[in-house]
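Read-outs: derived from the displayed coordinates by stated rules, not from any lab. All values derive from a computational prediction rather than experimental measurement. As a convention, Cβ positions derive from the backbone with ideal geometry for all residues, glycine included, and neighbour counts pool all protein chains shown.
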Amino acid sequence: MNEPDRSHERTRSDLADRLIGHREVLVARIRRYLAGAGAPTGQADDIFSTTVRRTDMLAAAGKIVDGLSDDSLLALSSAIARNAAREAGREARRERRRAEAAAEGLRAREPDAEGTASPQGSPLTEDLLSRIDPEDLAVIDLKLRGADWPAIAG
């Protein structure tokens, strides 16, 4: 009976240990990538976890060889992190656009003193808009545009 090949498991474990050992360096790089992409730098730990998972997936598929140097490992993980940070930046920009559109939609629907729609919201509206989470604003915008709840939930 043949013994299963455990080299991938050793490689995966070794890579994970090495990445965790370089965590501070990688998280600092990820924060710079996020800042450059216009995304919240608070996502750095999540992207580090994603980087470790994606590196593990590559090792599990046999695409990373045993004996990879630390410099090569850092370069690979930095590329993975940079791509994840770019995606986080794109998502942050989409979220800001949705929130801005929702806020504009709410302002446009607010009547002014004469009862007609006002292009500029009142101080009360502006105060409320500043307190609403961008995701909630996006839901409000969808509802104001006539979407039903099942469509919004989707």
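Things to note:
- Extension reserve of the residue 28-residue 49 stretch, reckoned as 0.36 nm per residue once the Cα distance is removed: 6.2 nm
- Sequence ranges 137-149, 76-88, ranked by mean other-Cβ count within 10 angstrom, highest first: 76-88, 137-149
- In this simple spin-label model, placing a label point 7 Å from the Cα along the Cα-to-Cβ direction at both residue 18 and residue 66 gives a separation of 1.3 nm.
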